[in-house]
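Asker: Here it is: the structure, laid out below.
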Amino acid sequence: MDSYTKLRNMTAIYITRGEEMLMLYRVGSRVVDPSWCGIGGHFEESELNDPYACVLREMEEETPIRREMLENLQFKYVTLRLKKGEIRQNYYYFASLKDDVEVSLESDEGKLRWVPLSKVMEKEMPLTAKFMLEHYLKTGRYDDCLYSGVTCEDKMIFTELKEF
């Protein structure tokens, strides 16, 4: 049996505006093929126990959006996937853009676009993000739960994380 000693921690935020979601067509990533995804990236060493700090830093590096422009910021998903000998752990956040905020779609990381929620699942995206967004659009956006998901070849198995 292989020894899986590499861990890759990543975070992403998906921002909504009414019935649209801000997505990034990322190109030039070390880990992800060109595809649509949330805004985010890899943890810095100082952020390893603080996905919130990581997601805010990544958002500010990749977009003109700042924390004060958002409302209803929620940590919604932690997911796991084994890929290329790495255990990849993703921390996903969701937020709404405040009504009175206009955002430039400029990014050095790729193309930022507002995508109708009804069209999000039609986009080419990493497998873990696809399964997570499918769950979010059907379930997660309607509750205040925190979910954990384990990625399998053809699905993601979710459970609600509860304090006990």
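Asker: Assuming M21 fulfils every condition listed in (1) in contact (Cβ under 8 Å) with a residue 12 or more places away in the chain; (2) surrounded by 19 or more Cβ atoms within 10 Å (Cβ to Cβ); (3) touching a Lys or Arg at 6+ places or on another chain (Cβ under 8 Å) apart from one, which condition is it?
Answerer: (3)
Asker: What number of residues within segment 43-72 are in contact (Cβ under 8 Å) with a residue 40 or more places away in the chain and either in contact with a Pro (Cβ under 9 Å, 6 or more places away or on another chain) or surrounded by 18 or more Cβ atoms within 10 Å (Cβ to Cβ) (or both)?
Answerer: 9
Asker: Could you say which residue among D108, D50, D100 is more than 22 Å from Y136 (Cβ to Cβ), of a type outside the set (K, R) and at pLDDT 95 or above? Quick ask: steps written out before the conclusion?
Answerer: Numbers: D108 fails: at pLDDT 95 or above; D100 fails: at pLDDT 95 or above.
Just a single option satisfies the conditions, and that option is D50.
Asker: Applying the selection to segment 98-122, what residues are surrounded by 11 or more Cβ atoms within 10 Å (Cβ to Cβ) and free of Cβ contacts under 8 Å to residues at least 40 places away in the same chain?
Answerer: We begin by selecting, within segment 98-122, every residue surrounded by 11 or more Cβ atoms within 10 Å (Cβ to Cβ); these are 98, 101, 103, 105, 107, 109-117, 119-121.
Selection gives K98, V101, L105, K119, M121.
Asker: Kindly provide the set of residues from segment 126-161 that are charged (D, E, K, R), closer than 21 Å to R8 by Cβ and either modelled with pLDDT under 95 or assigned to a strand (DSSP E or B) (or both), ordered by number. First the steps, then the outcome.
Answerer: Keep residues of segment 126-161 that are charged (D, E, K, R), which gives 130, 134, 138, 141, 143-144, 153-155, 160.
Now drop any that are not closer than 21 Å to R8 by Cβ, which leaves 130, 153.
Passing the criteria: only E153.
Asker: Moving on. When you check L7 against the structure, is it modelled with pLDDT under 95 and under 23 Å from T159 (Cβ atoms), yes or no? Before the answer, list the steps.
Answerer: Working: modelled with pLDDT under 95: yes; under 23 Å from T159 (Cβ atoms): yes.
Yes: the conditions hold for L7.
Asker: Take L133 and decide whether it is out of contact with any Asp or Glu (no Cβ under 7 Å at 6 or more places or on another chain), of a type outside the set (D, E), surrounded by fewer than 16 Cβ atoms within 10 Å (Cβ to Cβ) and closer than 24 Å to D33 by Cα. Before the answer, list the steps.
Answerer: Details: out of contact with any Asp or Glu (no Cβ under 7 Å at 6 or more places or on another chain): yes; of a type outside the set (D, E): yes; surrounded by fewer than 16 Cβ atoms within 10 Å (Cβ to Cβ): no; closer than 24 Å to D33 by Cα: yes.
Judged against the criteria, L133 is not a match.
Asker: Right, something else. Could you identify the single residue in S107, S118 that is in contact with a helix residue (DSSP H, G or I) (Cβ under 6 Å, 6 or more places away or on another chain) and among the small types (G, A, S)? Give the derivation first.
Answerer: Details: S118 fails: in contact with a helix residue (DSSP H, G or I) (Cβ under 6 Å, 6 or more places away or on another chain).
None of the other options fit; the residue is S107.
Asker: Please verify whether segment 73-86 includes one or more residues that are touching a strand residue (DSSP E or B) at 6+ places or on another chain (Cβ under 9 Å), of a type outside the set (G, A, S), surrounded by 15 or more Cβ atoms within 10 Å (Cβ to Cβ) and over 17 Å from T11 (Cβ atoms).
Answerer: So far as segment 73-86 goes, no, none of its residues is touching a strand residue (DSSP E or B) at 6+ places or on another chain (Cβ under 9 Å), of a type outside the set (G, A, S), surrounded by 15 or more Cβ atoms within 10 Å (Cβ to Cβ) and over 17 Å from T11 (Cβ atoms).
Asker: Test each condition in (1) farther than 21 Å from M10 by Cβ; (2) under 14 Å from the mean Cα position of the chain (by Cα); (3) of a type outside the set (G, A, S) for W114 and report the one that comes out false.
Answerer: So W114 meets the others, but not (2).
The values are calculated or read from the model by the stated rules, or taken from the named source; none is laboratory data. On a predicted model such as this, the values are computed, not experimentally measured, just so you know. Please note: Cβ atoms are built from the backbone with ideal geometry, for glycine as well, and neighbour counts cover all protein chains shown.
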